[in-house]
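Heads up, the thing below is written out as structure tokens.
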Amino acid sequence: MAQDAQLLELWQAAVGARAAVRERALLGQAPHSLPERNRLALQRYMELFGVDAELIGRCAQCGTAVEFTIDARHCVAALPAPGTHAADDDSQWHALDGRDDVPRFRLPTPEDLYALEGIDEPEAFADALLARCVEGDLPATAEAREAIGARMQALMPGATLDFSLRCPDCPHAWDAPLDPVDLLWRVLRARAERLLSDVALIAQRFGWCERDILALGPVRRAAYLQLAGG
């Protein structure tokens, strides 16, 4: 588990930065493929916060929130070993067998994700990502686009992570996607903002500096927060 000062230093390096810069700070290096990106993010999550990650999915049918916990070790173990997938040469063009009506395509890279930062709607993001990866125009039919997407996933296992969920209030079941980099950043940001709030309160009450407050450790810091009215 990371020390509090380390968390704040990592948060400072990542906050307000563009996606590519933020991910390089969070992961410690620039990933060359999407599976590697997922692996690095999960490994860094475990270094900072331990193996358990608490997540929430939302049923599309009735809106019920479904809480679940994942073990990051199992997620890493399920990823292919580095260098074992077909994305080792990201410039390689692929084609669908027997589908002359479908253009050739390459596999997406982390750089493609960075270029599409700001597109939040899932279908719009998927179409924009596919448009970057196909040779020529984007296929007109949804069936052709889905066929390319399925082939991409087969060629690059571990590029996406999904968890099967079932709503406790209705029969709906679905696969909930997880972006490990987004998980890492959300948890780090929440922890850092809480730390900064605690430091500010103790500093205001007792006049101590940030370094000394962080050096107290979580138990003693919690006691001083109580004394400070927090």
| request: Would you be able to say whether some residue in the range 205-212 is farther than 30 Å from residue 46 by Cα, out of contact with any strand residue (DSSP E or B) (no Cβ under 7 Å at 6 or more places or on another chain), assigned to a helix (DSSP H, G or I) and not assigned by TED's automatic domain parsing to the domain that holds residue 18? | output: yes
| remark: Scanning the range 151-174 for residues that are within 17 Å of the chain's Cα centre (by Cα) and of a type in the set (Ser, Thr, Tyr) gives 160
| Pair list, Cβ under 6 Å, 6 or more apart: the range 192-212 residue touching a residue at least 24 places away in the same chain (Cβ under 8 Å), other residue not aliphatic (A, V, I, L, M) | 192/11; 195/4; 201/230; 202/224
| said: Of the residues 175, 212, 162, 182, only one is exposed (fewer than 15 other Cβ atoms within 10 Å of the Cβ) and touching a Pro at 6+ places or on another chain (Cβ under 8 Å); which? | reply: 162
| request: Looking at (1) at pLDDT 95 or above; (2) surrounded by 16 or more Cβ atoms within 10 Å (Cβ to Cβ), find the lone condition where residue 102 falls short. | output: (1)
| query | Filtering the range 154-170 down to residues that are aliphatic (A, V, I, L, M) and touching a Cys at 6+ places or on another chain (Cβ under 9 Å), which residue is farthest from residue 63 (Cα to Cα)? | reply | 161
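Going through 182, 137 one at a time, which residue ends up being out of contact with any strand residue (DSSP E or B) (no Cβ under 7 Å at 6 or more places or on another chain) and in the same structural domain as residue 69 (by TED's automatic domain parsing)? I'd like the intermediate steps shown before the answer.
Values: 137 fails: in the same structural domain as residue 69 (by TED's automatic domain parsing).
Criteria check complete, one pass: 182.
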| request: Identify the single condition in (1) of a type in the set (Lys, Arg); (2) surrounded by fewer than 16 Cβ atoms within 10 Å (Cβ to Cβ); (3) modelled with pLDDT of 95 or more that residue 191 does not satisfy, given that it satisfies every other one. | output: (2)
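The values are calculated or read from the model by the stated rules, or taken from the named source; none is laboratory data. All of these numbers come straight from a predicted model, not from anything done at the bench. All Cβ positions, even for glycine, are placed from backbone atoms using ideal geometry, and neighbour counts span all protein chains on display.
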